[in-house]
């Protein structure tokens with residue numbers, strides 16, 4: 001166990017003592033990071049499910065690790081969904097591995113464009129992908145409110 | 001609520017993280033966005049203007065020191081308080097989302 005990772009967990013925990021705060025951690029792509037690091041100070045793990053084999057395989061392992069780390073809420077986010085076939089593939093995968101699928105974010109060419117322009121994707125007008133992520137935000141806050149009532 | 005986003009590189013983790021942070025903030029909650037990647041990109045998807053990126057200081061490894069209770073010198077503890085780190089290195093972004101770049105310190109002495 002690396003001491004730096006422990007310190008980072010400690011720091012994130014310290015920031016988060018104020019329960020009104022929502023913290024969003026963008027993780028390293030590698031799963032090793034998830035297994036050692038922030039896991040213990042996280043209550044919700046969102047795992048991206050992109051409809052191609054290697055990505056889904058990585059996601060499946062992330063879900064297993066998240067559960068092993070005792071993260072209470074481990075859910076899937078379908079992303080870059082181009083058509084009904086993609087949606088069906090992601091739903092099938094989520095169902096087969098018992099992963100609650102809480103959002104399906106459609107493929108949006110504007111993501112690449114905003115990346116090139118160095119602008120925020122949120123500012124793209126009328127994006128169906130932004131709308132889907134906003135639906136995810138609403139779902140997360142409702143879950144948080146429900147958990148705090150208990 | 002403490003949310004982490006994981007998945008294979010290139011699957012849109014950072015785009016979702018940055019956009020989600022902004023949308024939660026717009027719903028009225030104070031939000032911290034933490035970039036734990038050693039190659040940080042979250043500032044872009046959060047909408048921090050490129051001119052401001054030079055002013056973003058990653059949390060340095062000097063916030064850590066050797067744990068005196070450990071003889072091996074491998075265990076680290078925080079050398080400063082968490083609130084000092086947040087005050088000194090937290091960057092105020094759009095919709096009042098506050099950003100911390102943790103990738104560098106998280107990889108300090110990795111292994």
> Does residue A:57 count as more than 8 Å from chain B (Cβ to nearest Cβ), modelled with pLDDT under 90 and surrounded by fewer than 17 Cβ atoms within 10 Å (Cβ to Cβ)?
Replying inline: no
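Tell me, which strands (runs of 3 or more DSSP E) wholly within region B:5-111 include 2 or more residues that are without any contact (Cβ under 8 Å) to a residue 40 or more places away in the chain and facing another protein chain (nearest Cβ under 8 Å)? Walk me through it before giving the result.
Details: elements: B:31-35, B:64-66, B:76-78, B:98-101.
Qualifying strands (runs of 3 or more DSSP E): B:76-78.
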>> With the structure loaded, tell me whether residue A:77 is within 23 Å of residue A:148 (Cβ to Cβ), within 9 Å of another protein chain (Cβ to nearest Cβ) and at pLDDT 95 or above or whether it fails that test.
In response: yes
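I need the full set of residues from region A:108-126 which are over 21 Å from residue B:51 (Cα atoms) and surrounded by fewer than 17 Cβ atoms within 10 Å (Cβ to Cβ), in order please.
A:109, A:125, A:126
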> List, please: which pairs have Cβ atoms under 8 Å, are six or more places apart or on different chains, and start with a residue in region A:130-148 that is within 16 Å of residue B:12 (Cβ to Cβ) and end with one that is surrounded by fewer than 17 Cβ atoms within 10 Å (Cβ to Cβ)?
Replying inline: A:137/B:27
>> Of the conditions (1) at the interface with chain B (Cβ under 8 Å from one of its Cβ atoms); (2) farther than 19 Å from residue B:44 by Cβ; (3) surrounded by fewer than 20 Cβ atoms within 10 Å (Cβ to Cβ); (4) modelled with pLDDT under 95, residue A:64 satisfies every one except a single condition; which number is it?
In response: (1)
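The values are calculated or read from the model by the stated rules, or taken from the named source; none is laboratory data. Quick caveat: nothing in here was measured; it's all calculated off a predicted structure. Neighbour counts run over all protein chains shown; Cβ positions are idealised from the backbone, glycine included.
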